[in-house]
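The values are calculated or read from the model by the stated rules, or taken from the named source; none is laboratory data. These figures come from a predicted structure and were not determined experimentally. Counting neighbours? That spans all protein chains shown, and the Cβs are built from the backbone with ideal geometry, glycine included.
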Amino acid sequence: MRQDPRFQDPTLSYLGLQGFTETLHSIRMASSADDTPVMILGETGTGKSHLARHICETGVRAGAPIETASLGAIPVDMHAADLFGTWGNAYTQDRERPGLLERAGYGTVILNDIHLIAADCIGCLLPATDDDPRARQIRRLGSKPDGTSPLIPVSARLIGTAGKDLSADSQWRHLYYRLAGIVIHLPPLRERPEDIEALFQYFILSLSREAVIAGEVFDALARHTWPGNVRELRQAARYAVDSCRIDGRSEMDLGDLPQSVRSPAQIDISNHDGRPEIEDAVWKDLHGSERLFVHFWPDIAKAIEKSRSETGKINWAKAVRLLERSRIPVTGVQIRRKVRKVVRRLLRTRSLDQALKVPPRELAQSILGMRTVRTGYPEPRGQ
């Protein structure tokens, strides 16, 4: 598997962004600028933190200190102390501690999830974002032993990341426009499907140089909606590599993907176009999991057929493995219980070949008949 040529550009590494020329232009602007603050907006998992560090490491201030504050992971009442620092008699039991803005010096401070910052820190942060570099200053919490609390000049560049647009929020407006010198909008992965295959190959290459990926893997990746964006795709690649490594294989197939990825993201079988040909009354009697079972019966029957031995008997362990490695959203427990019961009921009046080709209507009636035998009367109709 060859490295995709797009990822030879370090700006595109990890992010992809094929066709998003405006976003790429903003990234290059942020890397070439020296003092301009940056705001990176995007959904969770789109790579905001990674991009922020990329700007630091490839920009004019590369090599200078990088201080990162993950505001979502810090208790709200500690935001001010972490950002601005403290004097000896505040929170630190007679010990001075400089904050991130002070420790960064001429480097960069990355404020991840800045929309989660404590409200009382917003006003304190405004002086550190002044347009005039000589006027940028902060004040530590508490006071010195002589009772004074002098202003401390700062010169760090600020990069903020947020999971939502803060420009329309009156509470955030003043700080947002101070940090929005360069605004970078990272699109979600579902809006750039052309990047999915290349990104997946990039992650696989970074984890294993010997993987050979089957075409059905890319088909499943294209079907998935990726609510977790690039982070979810990277985790799927890691899962697939680990699955191959356990079995000592270099060939990666559909079964090596996580169940959430290889199964259809949404299966609409509530209408006539997306369900088997079954009367409305019978269809309404089936529960949700039973409807899925009838819907995927042709695929289940194919797996059972493949699992048959030379004597014609079903190898249920093999059938379970085949189904768990397919696109069918059923678990091994459901396969062992439901499938075997249904097949055995069908075999009472049919041969195995006939049972595997039973039409959806008869299959649904057999499932409803199993309920009647178990309880003595049909269960109430599903909602």
*So is Asp219 closer than 27 Å to Gly163 by Cβ and among the acidic types (Asp, Glu) or not?*
no
*Scan segment 227-245 residue by residue and report those that are touching a residue at least 40 places away in the same chain (Cβ under 8 Å) and in contact with a helix residue (DSSP H, G or I) (Cβ under 7 Å, 6 or more places away or on another chain).*
Asn229, Val230, Leu233
*Which ones in segment 136-168 are over 41 Å from the mean Cα position of the chain (by Cα) and without any contact (Cβ under 8 Å) to a residue 40 or more places away in the chain?*
Asp146, Gly147, Thr148, Pro150, Leu151
*Among the residues of segment 22-55, write down those that are touching a strand residue (DSSP E or B) at 6+ places or on another chain (Cβ under 6 Å), aliphatic (A, V, I, L, M) and under 24 Å from Pro127 (Cα atoms).*
Ala30, Val38, Met39, Ile40, Leu41, Ala52
*Take the residues of segment 341-356 that are touching a helix residue (DSSP H, G or I) at 6+ places or on another chain (Cβ under 7 Å) and exposed (fewer than 15 other Cβ atoms within 10 Å of the Cβ): which is modelled with the highest pLDDT?*
Leu347
*Hits in segment 312-338 - residues which are at pLDDT 75 or above and β-branched (Val, Ile, Thr)*: Ile314
_Out of the residues in segment 188-218 meeting the condition of being of a type in the set (Asp, Glu) and under 25 Å from Gly248 (Cβ atoms), tell me which one is surrounded by the most Cβ atoms within 10 Å (Cβ to Cβ)._
Glu216
*Quick one: Ala119 ticks every box in (1) surrounded by 15 or more Cβ atoms within 10 Å (Cβ to Cβ); (2) more than 21 Å from Gly181 (Cα to Cα); (3) of a type in the set (A, V, I, L, M, F, W, C) except a single one, so which number is it?*
(1)
*Check on Val230, surrounded by fewer than 19 Cβ atoms within 10 Å (Cβ to Cβ), at pLDDT 90 or above and among the hydrophobic types (A, V, I, L, M, F, W, C)*: no
_Step by step: first the residues of segment 63-84, then only those that are at pLDDT 90 or above and among the charged types (D, E, K, R), then the one that is nearest to Leu111 (Cα to Cα). Which residue is that?_
Glu67
*Take segment 199-220 and flag every residue that is without any contact (Cβ under 8 Å) to a residue 24 or more places away in the chain and polar (S, T, N, Q).*
Ser206
*What do you reckon, is Arg95 in the same structural domain as Ser26 (by TED's automatic domain parsing) and in a loop (DSSP other than H, G, I, E, B)?*
yes
*Test result for Ala104, of a type in the set (A, V, I, L, M), assigned by TED's automatic domain parsing to the domain that holds Leu71 and surrounded by fewer than 17 Cβ atoms within 10 Å (Cβ to Cβ)*: no
*Just one of the numbered conditions (1) assigned to a helix (DSSP H, G or I); (2) under 22 Å from Val154 (Cα atoms); (3) in contact (Cβ under 8 Å) with a residue 40 or more places away in the chain is not true of Met78; which one?*
(3)
*With respect to the numbered conditions (1) part of a helix (DSSP H, G or I); (2) within 30 Å of Arg97 (Cβ to Cβ), which one is the sole condition not fulfilled by Glu194?*
(2)
_Just checking, does segment 182-191 include any residue being part of a helix (DSSP H, G or I) and touching a helix residue (DSSP H, G or I) at 6+ places or on another chain (Cβ under 9 Å)?_
yes
